[in-house]
Amino acid sequence: MTYSQIAKRALWQDNPGLVQLLGLCPLLAVSNSVVNGVGLGIATTMVLTASNTTVSLIKGAVQPQIRIAVFVMIIASFVTVVEMIMSAYFYDLYRVLGIFIPLIVTNCAILGRAEAFASKHDPLRSALDGLLTGLGFALVLIVLGAFREILGQGTLLSQLQMMFGGPPSPGLVLFGEKQGLLLALMPPGAFLGLGLLIAAKNFIDERTDS
Amino acid sequence: MKVINGTLVLTVFAALAATLLAFVHDKTEERTAFNERAYLLRSLNLVLSPETYDNDLSSDIVHISDLDYLGSTEPVTVYRARRNGQPVAAIISSVAPDGYGGPIRLIVGVNYDGTLSGVRAVTHRETPGLGDKIETARSDWILDFTGRSLESSSREEWAIRQDGGVFDQFTGASITPRSVIKAVHNTLIYFAAHRAEIFERPQSDHETP
């Protein structure tokens, strides 16, 4: 498989958030603002890249019977590493994302890539696949986060200080919070937003096919 | 042979994973502990200005259980502020057990004379846009507690306007403010009855019992 094929599949054709619909739980729960989306997106991408690379490096040494156990152990270790690093260097973001950092372990997209791709391809391709699949997931998180943040709070990129430090930042205030659509911030808003995104993707695909 | 091989491979990977985790833990432990303390102190200083005390507030703690007045079956943490060894104020992490979305965890700063030095909601699951006005990021409502005491308002006045009290209500959410007001009022009653005892008790360990 060529690098550009990998990129096209990871970011668009087989996007984990829009097509495979893997990892929906964190995707729907954390996508209420851009900053949260970026935070979880980066964490997931880091884990996915590291786990794909490692799985690809060890694929010859592990018997098929125990591979899943080994994959899960690798993924869980990297998630814990990312969690410890976040609690040391991005403490505020770590507090906001809370349980969804350890829950990256249960994101099926990660085990899915280890099993379906990394265990059959060389380390370089696997690393690229992990990185781009993670980015594909992160992009959905960010777009959905922006959509919900704008509609719900009337802001964009609020609380940016959680990632870059500095004083609390209100972000771009587009309109007052009072006019915000509460629904967008609540769980149903996440489902509706994701549904609209998937519809938009399918619409674009149909247009380009015909 | 196959079984032994599998066991061996798993063992090696478990050992490698454990080594990696131990290494990262060792590198980040100190910074994480520092962050946690800084975060705790930052929230405590929101309800009690740091100029008023000179002791190590985040470790001068006692754990107290009182389901009726402090709202939790678990012991709650009380941080004791002193200046030159004399009691100045206590910060009580009491709980409003009957919030709309479950318990609302508060920190209630009470000066030794029984006036409130500040109240903040620490964690809650109130409805976004309605009940979450107890957060300072959403509205100034909770700042209205500062300076009040059992003497400043009668028992009936510790309520939202709708119920004949002195506190503003929220449109569309009356359970949340009622629950917070009741919890703060109960905390004040508890403090008034036990304040000498709170400051005399020996310091608890840092860990929750």
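Any read-out appearing in this document is the output of simple, stated calculations on the displayed coordinates, not a laboratory observation. Not measured: the values here are computed from a predicted model. Ideal geometry is used to build each Cβ from the backbone, glycine not excepted, and the neighbour counts take in all protein chains shown.
Considering chain B as a Gaussian network with a 10 Å cut-off on Cα pairs, which listed residue, B:S93, B:S43, B:S179, attains the greatest mean-square fluctuation?
Of the options given, B:S43 has the highest mean-square fluctuation.
Express in whole angstrom the spacing between the alpha-carbon centres of segment B:5-66 and segment B:133-156.
Distance between centres, Cα-based: 32 Å.
For chain B, what is the mean residue ellipticity at 222 nm derived from helices alone (per DSSP H run of n ≥ 4: -39500 (n - 2.57); sum divided by total residues; nearest 500 deg cm²/dmol)?
Roughly -13000 deg cm²/dmol at 222 nm, from the helical runs in chain B.
On a 0 to 90 degree scale, rounded to 10, what angle separates helix B:175-200 from the longest Cα axis of chain B?
90
In whole Å, what are the Cα extents of chain A along the three principal axes, biggest one first?
Principal axes ranked by extent give 58, 51, 25 Å for the Cα atoms.
Looking at chain B as a GNM with Cα springs under 10 Å, which of B:T77, B:T176, B:T32 has the largest mean-square fluctuation?
Of B:T77, B:T176, B:T32, the Gaussian network model singles out B:T32 as fluctuating most.
Considering chain B, what Rg and Dmax in Å follow from its alpha-carbon atoms?
Rg then Dmax for chain B, in Å: 21.9, 81.
Please list 3J(HN,Hα) in residue order for segment B:157-168, calculated via the Karplus relation 6.51 cos²θ - 1.76 cosθ + 1.60 where θ = phi - 60°; whole Hz, with x for glycine and proline.
Once θ is set to phi - 60°, the couplings for segment B:157-168 become 7, 7, 6, 6, 3, 3, 9, x, x, 10, 9, 5 Hz.
Just counting partner chain Cβ atoms within 10 Å, what average do the residues of peptide A:73-84 show around their Cβ?
What the average comes to for A:73-84 is 4.
Take B:T52 and A:Q13, extend 7 Å from each Cα along the Cα→Cβ direction, and tell me the distance between the two endpoints in nm.
The answer from the label model is 6.6 nm.
Would you calculate, for chain A, the mean residue ellipticity at 222 nm contributed by helices, counting each DSSP H stretch of 4 or more residues as -39,500 (n - 2.57) and dividing by all residues, to the nearest 500?
My calculation for chain A gives -20500 deg cm²/dmol from helical runs alone.
Please give the contour-minus-distance gain from B:T19 to B:L150: 0.36 nm per residue of separation, less the Cα-Cα distance, rounded to one decimal in nm.
Net length gain for the segment: 41.5 nm.
Applying 1/(1 + (r/R0)^6) with R0 = 30 Å to the Cβ-Cβ distance of A:K201 and A:E115, what FRET efficiency is obtained, to the nearest 0.05?
Once rounded, the FRET efficiency stands at 0.75.
Given an 8 Å cut-off on Cα distances and at least 6 residues of separation, report the relative contact order of segment B:103-209 as a percent.
Rounded, it is 22 percent for segment B:103-209.
Give the Cα extents of segment A:41-98 along the principal axes, in whole Å, largest first.
Computed over the Cα atoms, the extents are 41, 16, 16 Å.
Taking only Cα atoms of segment B:39-92, what ratio of Rg to Rh do you get with Rh as the Kirkwood inverse-distance radius?
1.00
Please give the FRET efficiency for B:L41 paired with A:T208, using the beta carbon to beta carbon distance and R0 = 45 Å, rounded to the nearest 0.05.
0.20
May I ask for the angle, rounded to the nearest 10°, between helix B:2-47 and the longest principal axis of chain B, with both axes built from Cα atoms and the value confined to 0 to 90°?
Relative to chain B, helix B:2-47 is tipped by roughly 20 degrees.
Mind checking the full-extension length gain between B:H194 and B:K27? Use 0.36 nm per residue of separation minus the Cα-Cα distance, one decimal, nm.
Taking 0.36 nm per residue and subtracting the Cα distance, the gain is 55.8 nm.
Pick from A:G154, A:G41, A:G112: which is most flexible by mean-square fluctuation in a GNM of chain A where alpha carbon atoms under 10 Å apart are linked?
Result for chain A, Cα springs under 10 Å: A:G112 fluctuates most.
Stokes-Einstein D for the protein assembly as shown at 37 °C, 0.692 mPa s, Kirkwood Rh over Cα pairs, in µm²/s?
For these conditions, the coefficient is 135 µm²/s.
Setting aside same-chain residues fewer than 8 positions from A:K201, which aspartates and glutamates have a Cα under 17 Å from its Cα?
A:D14, A:D209
Taking R0 as 56 Å, what FRET efficiency do you get between B:A137 and A:A61 from their Cβ-Cβ distance, rounded to the nearest 0.05?
0.65
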